[in-house]
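So the structure is just underneath, and the comments pick up after that.
Values in this text are rule-based calculations from the coordinates and carry no lab data. Predicted, not measured: the structure shown is a model, and the values here were computed from it. Don't worry about glycine lacking a Cβ; one is built from the backbone with ideal geometry, like all the others, and counts go over all protein chains shown.
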Amino acid sequence: MRDEVTTAGILSVNDLHAWYAESKALHGISFEVREGELLTLIGRNGAGKTTTLRSIMGIVRKRTGSVRFRNEELIDKRIYQIARKGLAYCPEERAIFSSLSVKENLTLPPVLQKGGMADDELLKAFPNLQRRASSQGTKLSGGEQQMLAIARILRTGSRFLLLDEPSEGLAPVVVKEIAELIRKLKRQGFTIILVEQNLRFARSVADRHVIVENGRVVDILTSDALSQDMARVQSYLGV
Amino acid sequence: MFDAISPQLLFGQLLIGLINGSFYAMLSMGLAIIFGLMNVVNFAHGAQYMLGAFTAWLLLNYLGVPYWGALVLAPVIVAAVGMAMERAVLRPLQHLDHLYGLLATYAVALIVEGLIRQRYGATGMPYPSPINGGVNLGFMFLPWYRFYVVIFSIVICLGTWLLIEHTRLGAYLRAANEKPDIVESFGVNVPRMITLTYGFGVGLAALSGVLAAPIYQVSPSMGTSLMITVFAVVVIGGIGSISGAIMTGYVLGLVEALTKVFYPAGAGMVVFVVMIIVLLMKPNGMFSSPERL
């Protein structure tokens, strides 16, 4: 069993519990992510998807259980220590800094490991950001802010990305662009956990889906199984 | 009314106003930096300013270190004490209501002042001016040391502002003011950054204290009396705004001076009258934008 874990998964979450102040948000989440895989967390609002990402990253401090990344325990580590192991997090609210310019936002994350994208590479890959480099970060459109939020974490060189609802609130054409970007990252070998409510979006990019309900994992499906059994998944989502 | 005022009186008071404004600006800037990152209203700021002056006095009287040495050493020593205090007292309170941080720093201020009063007494001790003489401008006599303090503080304020608004280091600070967890998720050691930033703010207070030592007497309560006005300056400028703190500091120093010339009885309260007016009209202060509160 243990050998299987080390060879199969680069991140394994085991019996993860987490609390916000006194209220418990996660009741024993367990799943595993393989290298190069794109895994989605699917579930209703408040199911615990965002909390799972924030607990892996250490942003939710009060948590128990185990989060092992490349066989190293992260549960007792601080946020910056976890980041330095090679995980990067892009929050749902995008967290663009209003007191920083677009360029400053983009170049803020330090290079943590080899393989981070250089500034000129990033600007070439995201021409919109180049054009608006000196405007205030929060003056960008929602889509541009999302691009900026993803672009800047590529600078660190982290190969494991936690992306929280990148498609949320964006126009269909922009959602398509984001999906294309995520596919490209996957082709480049990034391992990604994606929180997503948009099933079509999730199905179009992901390998497997972890269904989260009331702070627990209730099902894990491949994309094929998801397509075949949409009815069941939609019942989880209550749509 | 106007012909009764001699240029000596007017310009003399304006110089005093500029000197006071320099201290208001430097102290409120330090408070703004600390508040911005830590959300702690550093009530120990006045005590740390006093410690700067006091350390300079001790260095001179026990070790023979002259003013210029103390100008570097005292801020470093006091900043180190401040950083130890951040680790020991403020960090454990970090995730509680910010009121606890305020109370803790106030307690530290009272303890430090009490200990120094106990050991050295409440009366002020003189500190010799490192630059003597001055220049007669015709309408007034300008002591060189005061001229130097005004220039020095402007350089410090501008330098700090440039550091925060236009460097990469400053970008980290501004970003961490807004969303510390996100900055930390980029792999930045934010806890260490908080300690260093607190040390920097405390160092600025101590530096102001060293500058003040030859002008005012070195006494345990020198910080307390000044800080009441400085807190008003911070409230007027907008809590957490660096440029706001600097500009408000100088302007209010001058406003106070002009009041002393034209309506001496009101000089002691003019800053607080301005504060009330600003609070009524712009509760967040003159220079604060909502995001940077």
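Brief remarks on what is shown
- Built amide H within the under 5 Å cut-off of B:G124, gap 5+: none
- For segment B:30-176, the alpha-carbon coordinates run over 56, 44, 29 Å along the three principal axes, in decreasing order.
- Paired Rg and Dmax values of chain B, which use every Cα atom, in angstrom: 19.2, 65
- Nearby lysines by direct alpha-carbon distance to A:K103 (threshold 28 angstrom, same-chain neighbours under 8 apart not counted): A:K85, A:K114, A:K124, A:K139, A:K176, A:K184, A:K186, B:K179
- The mean sequence distance of close C-alpha pairs (under 8 Å, at least 6 residues apart), as a share of the length of segment A:59-163, puts its relative contact order at 39 percent.
- Hydrodynamic estimate: the Kirkwood radius of segment A:119-169 over Cα pairs, inserted into Stokes-Einstein at 37 °C and 0.692 mPa s, corresponds to D of 281 µm²/s.
- Average Cα contact separation per residue, chain A, under 8 Å, 6 or more apart, as relative contact order %: 27
- Taking the Cα atoms of segment B:109-185, the ratio Rg/Rh between the radius of gyration and the Kirkwood radius comes to 1.22.
- Residue mean of other protein chain beta carbons inside 10 Å, A:137-150: 0
- Cα pair distances exceeding 14 angstrom across segment A:80-144, given as percent: 62
- Sparsely packed GluC sites (Glu not before Pro) within segment A:46-127, loop by DSSP, other Cβ within 10 Å at most 14: A:E93
- Looking at the protein assembly as shown alone, DSSP beta bridges between its own residues are antiparallel in about 60 percent of cases.
- Mean-square fluctuations from a GNM of chain A, with a 10 angstrom spring cutoff on Cα atoms, peak among A:I42, A:I178, A:I193 at A:I178.
- Per-residue ³J(HN,Hα) for segment A:78-84, Karplus 6.51 cos²θ - 1.76 cosθ + 1.60, θ = phi - 60°, Hz, x for Gly and Pro: 7, 3, 5, 5, 5, 4, 6
- Rg and Dmax, both from the Cα atoms of segment B:180-293 and both in Å, are 17.2, 56.
- Looking at segment A:15-46, the GluC sites (Glu not before Pro) that sit in a DSSP loop and have at most 12 other Cβ atoms within 10 Å of their own Cβ are A:E22.
- What the pair-distance distribution of the protein assembly as shown shows, using all Cα-Cα distances binned every 10 Å from zero, is 4, 16, 23, 20, 15, 11, 7, 3, 1, 0 percent.
- For A:D219, distant residues with modelled amide H under 5 Å away: A:I211
- √(5λ) per eigenvalue of the Cα gyration tensor, segment A:1-128, largest first, Å: 28, 20, 14
- Leading residue at positive end of dipole, chain B (Cβ point charges), from B:G266, B:G124, B:S208: B:G124
- Of A:V217, A:V175, A:V13, the one that fluctuates the most in a GNM where chain A has Cα springs shorter than 10 Å: A:V175
- Equivalent ellipsoid of segment A:88-239: semi-axes from √(5λ) of the C-alpha gyration tensor, largest first, are 30, 16, 13 Å.
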